[in-house]
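**Student:** Before we start, here is the structure in question, set down as structure tokens.
The values are calculated or read from the model by the stated rules, or taken from the named source; none is laboratory data. In this text the structure is predicted, and so the values were computed from the model without any measurement. Every residue, glycine among them, receives a Cβ derived from its backbone with ideal geometry; neighbour counts consider all protein chains shown.
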Amino acid sequence: MKALVWENGERISLTERPYPVMQTQSDVVIKIRYSGICGTDLQVVKGNETITPDIIMGHEAVGEIVEKGKHVTEYELGDLVIIDPNQYCCDCENCKKGRTNFCTGWNGGLKIAGINVDGTFAEYFCCHKRYVYKVPDGMRMEAAVLIEPMACVLNNLRAADIKEHESVLVMGSGPMGALCQMIAKNNAGLVVATENSDYRIGECSKFSDYIYKSDALTTEKIREINQGHLFDVIIDTVGNQLEHALTLCEKGGRVIPMGMNKVYSCGIKPYQFISGGIRLIGASEYNQLFCDTIQAARRFPLLESIVTKKYPVTEYRSALREVLGYDPETGKREEITQMKVVLEFQ
């Protein structure tokens, strides 16, 4: 089968891999239909995130069950399902406490498809039945493929505990930023976003009350649009904006770092948190949120509009260029021309 592999820990390569074999009678084999290119995948390409060399990448996917073990009675062949890539063990101490996002059952950590085990950038994917969820009748695949990133967003927004009178700043308007804006707008009194891509500013204008290029959102501008206040909640979906976020946070506010970037670090002053009552909240991976997310998705008819282009997997280089803003092979800069790109498997 065709698969996109992180070859030698250096580059993405389209190659042939064996058809996956079920390990237990509770497993299913899924024919992948769509698999989304995630910000984590892009950080791997940029060198800001590390994954296991030579594994199949990808972790956001929807597909069709084509094979199942005899203990799989909840699903039928042909069922369209959403895949949870976070394969918690159910047996470690954290799993038994209901904290499956902190699972330590696989070499001291969580088994994650596309990160440390084979993922969904392939024609077929095999996993235990507990990691699949049936696509509801009427939900289009463009929405279904966004359930995994939407679960990440819901997890972070729940941690932020946004109130209806509060103001929210979402730093970055890529797919995760767009999802944050869309969902926060349903709860908060004011939602503001930043973004430097003209294309994405246009795409996200329907999700936020205001959207600015990052250098245009000064403290004076914030106080002008927010009744003299800074922001109650700031979500950094970029992954390198924490230091700046703290300068824009109101006393008693919360800052949620969400974008993944292992090479970024910054200096912080504990006094700022003590004197200002500011909370820095790390929400980690989502924990058992797929059912809630699938239910919540019905409230957001614009969800599927975040997927702006689909590419056959053989055209993965073009897909990467459009969302990276440069050619990863030559380094040549290009304009970002898409919001969310998914790879299509026939």
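**Student:** Any residue that is modelled with pLDDT of 95 or more, assigned by TED's automatic domain parsing to the domain that holds Gln25, surrounded by fewer than 17 Cβ atoms within 10 Å (Cβ to Cβ) and in contact with a Ser or Thr (Cβ under 7 Å, 6 or more places away or on another chain) - is there at least one of those in the range 57-78?
**Tutor:** So far as the range 57-78 goes, yes, one or more of its residues are modelled with pLDDT of 95 or more, assigned by TED's automatic domain parsing to the domain that holds Gln25, surrounded by fewer than 17 Cβ atoms within 10 Å (Cβ to Cβ) and in contact with a Ser or Thr (Cβ under 7 Å, 6 or more places away or on another chain).
**Student:** Would you please name the residue that is surrounded by the most Cβ atoms within 10 Å (Cβ to Cβ), looking only at residues in the range 276-299 that are over 17 Å from Ala245 (Cβ atoms) and more than 17 Å from the chain's Cα centre (by Cα)?
**Tutor:** Checking each candidate, the answer is Arg298.
**Student:** Are there any pairs with C-beta distances below 6 angstrom linking a residue in the range 140-151 that is over 11 Å from Glu60 (Cα atoms) to a residue that is crowded, with 24+ Cβ neighbours inside 10 Å, with the two at least 6 apart or on different chains, and if so which?
**Tutor:** Close Cβ pairs satisfying both conditions: Met141/Val62.
**Student:** What are the residues in the range 114-163 that are of a type in the set (Val, Ile, Thr) and under 19 Å from the mean Cα position of the chain (by Cα), if any?
**Tutor:** First pass over the range 114-163, keeping only residues of a type in the set (Val, Ile, Thr): 115, 117, 120, 132, 135, 145, 147, 153, 162.
Within the range 114-163, Ile115, Val117, Thr120, Val132, Val135, Val145, Ile147, Val153 meet the criteria.
**Student:** Name every residue in the range 250-272 that is under 27 Å from Asn101 (Cα atoms) and surrounded by 15 or more Cβ atoms within 10 Å (Cβ to Cβ), in order of residue number.
**Tutor:** Matches in the range 250-272: Gly253, Arg254, Val255, Ile256, Pro257, Met258, Gly259, Met260, Asn261, Tyr264.
**Student:** Just to check your reading of the model, which residue among Thr247, Thr337 is surrounded by fewer than 19 Cβ atoms within 10 Å (Cβ to Cβ) and assigned by TED's automatic domain parsing to the domain that holds Arg33?
**Tutor:** On the way: Thr247 fails: assigned by TED's automatic domain parsing to the domain that holds Arg33.
Among Thr247, Thr337, only Thr337 is surrounded by fewer than 19 Cβ atoms within 10 Å (Cβ to Cβ) and assigned by TED's automatic domain parsing to the domain that holds Arg33.
**Student:** Are any residues in the range 336-346 in a loop (DSSP other than H, G, I, E, B) and either modelled with pLDDT of 85 or more or touching a helix residue (DSSP H, G or I) at 6+ places or on another chain (Cβ under 8 Å) (or both), and if so, which ones?
**Tutor:** Residues of the range 336-346 in a loop (DSSP other than H, G, I, E, B): 336-339, 345-346.
Result: Ile336, Thr337, Gln338, Met339, Phe345.
**Student:** When the residues of the range 106-141 are narrowed to those that are in contact with a Lys or Arg (Cβ under 7 Å, 6 or more places away or on another chain) and part of a strand (DSSP E or B), which ends up nearest to Ile65 (Cα to Cα)?
**Tutor:** In the first step, residues of the range 106-141 are kept if they are in contact with a Lys or Arg (Cβ under 7 Å, 6 or more places away or on another chain); the result is 117, 122-124, 141.
In the following step, the residues that additionally are part of a strand (DSSP E or B) were identified as 117, 122, 124.
Working: Val117: 20, Ala122: 14, Tyr124: 10 Å.
Looking at residues that are in contact with a Lys or Arg (Cβ under 7 Å, 6 or more places away or on another chain) and part of a strand (DSSP E or B), I get Tyr124.
**Student:** Okay, moving on. Condition first: in a strand (DSSP E or B), under 19 Å from Ala61 (Cα atoms), acidic (Asp, Glu) and not assigned by TED's automatic domain parsing to the domain that holds Lys262. Can you find one or more residues in the range 23-35 that meet it? Quick ask: steps written out before the conclusion?
**Tutor:** The initial filter retains those residues of the range 23-35 that are in a strand (DSSP E or B), namely 27-35.
The next check asks that each one be under 19 Å from Ala61 (Cα atoms); those that pass are 27-35.
Those still in the list that are acidic (Asp, Glu) too: 27.
Those left that are additionally not assigned by TED's automatic domain parsing to the domain that holds Lys262: 27.
Yes, the range 23-35 has at least one match.
**Student:** Filter the range 279-335 down to residues that are in a loop (DSSP other than H, G, I, E, B), within 30 Å of Cys90 (Cα to Cα) and not basic (Lys, Arg), then give me how many there are.
**Tutor:** Going through the range 279-335, the residues in a loop (DSSP other than H, G, I, E, B) turn out to be 281-289, 298-302, 325, 327-332, 334-335.
Filter once more, keeping what is within 30 Å of Cys90 (Cα to Cα): 281-289, 298.
Imposing the further condition that a residue be not basic (Lys, Arg) reduces the set to 281-289.
Here the count works out to 9.
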